[in-house]
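Shown next, in structure tokens, is the structure this report addresses.
The values are calculated or read from the model by the stated rules, or taken from the named source; none is laboratory data. Everything numeric here is computed off the predicted structure, so don't read it as measured data. Backbone-built Cβ (ideal geometry, glycine too); neighbour counts: all protein chains shown.
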Amino acid sequence: MGMSGLFLALTFLLLATTRLPVKACSCGPRHPQEDFCGSDVVVTAKFLSVPQLNHTLHHLQYKIKVIKKFKGFDDVGGITLVPKFLTTPAEESLCGYQHKALSKNQEYLIAARLLAGQLYVTTCSFVRPWSSLSPAQQLGFNQTYATGCGCQVQHCLSVPCNVESDTSCLWTDSLISSAGEGSQSLHMACLPSKSDFCSWKSLSTEAPQLTI
Ligand SMILES: *[C@@H]1O[C@H](CO)[C@@H](O)[C@H](O)[C@H]1NC(C)=O
Ligand SMILES: *[C@@H]1O[C@H](CO)[C@@H](O)[C@H](O)[C@H]1NC(C)=O
């Protein structure tokens with residue numbers, strides 16, 4: 001073995017032994033209204049297949065059937081072809097979404113970006129069974145969050161927090177739950193009111209309006 005061969009062998013040895021475990025993907029909590037407003041397309045859909053590697057895209061793809069279209073299909077700037085695939089990075093370390101199938105008939109709410117005309121999600125995306133959402137979140141996704149995309153959900157991660165503008169709502173669920181699952185996430189949306197202010201409004205479908 002010559003010098004360069006030895007060097008190569010040592011390099012391989014070094015690479016093999018110093019390979020660190022890949023850091024798992026991590027995502028901060030978000031209010032579902034942020035997921036709605038930050039997405040190109042929001043639908044409910046059923047998963048029809050196990051993921052398959054798309055060799056052209058180097059991504060995994062699940063075959064899906066879109067049921068309801070909540071965002072991204074309007075005449076101005078929306079897509080016209082209904083997506084048939086949900087695309088995600090091939091590796092979990094690259095934030096690839098892994099679908100934990102409950103049943104083929106389960107309808108999922110998917111808030112996605114677009115990649116080559118198909119839904120694109122990562123493990124940080126909002127992909128959850130429709131039936132697991134609170135009635136207020138269902139109303140938010142199918143109707144109300146859209147009216148609040150000019151408002152900002154301002155994250156409050158530690159006290160004190162000061163609201164930064166008239167169009168911001170202080171989101172304090174993360175003070176109580178690290179997953180950000182609190183009453184603002186489950187029951188409210190940050191919506192414009194008179195004179196361009198934004199504030200939390202209860203989306204409860206039955207109960208009278210509560211405000212905090
Ligand atoms: C790969 O993805 C592209 C874009 O989504 C799609 O048009 C194509 O049909 C896919 N290929 C396969 C083999 O599914
Ligand atoms: C939106 O969801 C709410 C809560 O599930 C439901 O009562 C309402 O009928 C839905 N509206 C539309 C337009 O799908």
Task: Residue that is farthest from residue 196 (Cα to Cα) [pool: residues in the stretch 139-152 that are of a type in the set (A, V, I, L, M, F, W, C) and either more than 15 Å from the chain's Cα centre (by Cα) or within 16 Å of ligand 1 (Cβ to nearest atom) (or both)] - done: 139
- [ ] Can you run down the residue pairs with Cβ atoms below 8 Å, 6 or more apart or on separate chains, where the first is in the stretch 107-127 and among the basic types (Lys, Arg) and the partner is within 16 Å of ligand 1 (Cβ to nearest atom)?
- [x] 113/40; 113/41; 113/119; 113/120; 113/121
Task: Test for residue 201: is it of a type in the set (D, E, K, R) and either closer than 30 Å to residue 60 by Cβ or within 16 Å of ligand 2 (Cβ to nearest atom) (or both) - done: yes
Task: Condition check for residue 154: over 30 Å from residue 66 (Cβ atoms) and either among the small types (Gly, Ala, Ser) or in contact with a Ser or Thr (Cβ under 7 Å, 6 or more places away or on another chain) (or both) - done: yes
Open item on the list: Take residue 122 and tell me if it is away from ligand 2 (no atom under 11 Å from the Cβ) and either modelled with pLDDT of 95 or more or charged (D, E, K, R) (or both).
Closed with: yes
Open item on the list: Given (1) more than 13 Å from the chain's Cα centre (by Cα); (2) touching a residue at least 24 places away in the same chain (Cβ under 8 Å), identify the lone condition not met by residue 80.
Closed with: (2)
TODO: Confirm whether residue 107 is acidic (Asp, Glu), surrounded by 14 or more Cβ atoms within 10 Å (Cβ to Cβ) and more than 14 Å from residue 32 (Cα to Cα).
DONE: yes
Open item on the list: Here is a list: 22, 76. Which entry is modelled with pLDDT under 95, farther than 27 Å from residue 141 by Cβ and out of contact with any His (no Cβ under 9 Å at 6 or more places or on another chain)?
Closed with: 22
Open item on the list: For the stretch 116-212, give me every one of the helices (runs of 4 or more DSSP H) that falls completely inside it and has 2 or more residues that are surrounded by 19 or more Cβ atoms within 10 Å (Cβ to Cβ), touching a His at 6+ places or on another chain (Cβ under 9 Å) and not aliphatic (A, V, I, L, M).
Closed with: 173-176, 183-187
Open item on the list: Among the numbered criteria (1) farther than 30 Å from residue 183 by Cα; (2) more than 16 Å from ligand 1 (Cβ to nearest atom); (3) not in a loop (DSSP other than H, G, I, E, B), which one does residue 87 miss?
Closed with: (2)
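Residue-wise test of (1) under 18 Å from the mean Cα position of the chain (by Cα); (2) within 16 Å of ligand 1 (Cβ to nearest atom); (3) of a type in the set (Asp, Glu).
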{"site": "91", "(1), (2), (3)": "yes, no, yes"}
{"site": "105", "(1), (2), (3)": "no, no, no"}
{"site": "109", "(1), (2), (3)": "yes, no, no"}
{"site": "118", "(1), (2), (3)": "yes, yes, no"}
{"site": "121", "(1), (2), (3)": "yes, yes, no"}
{"site": "137", "(1), (2), (3)": "yes, no, no"}
{"site": "164", "(1), (2), (3)": "no, no, yes"}
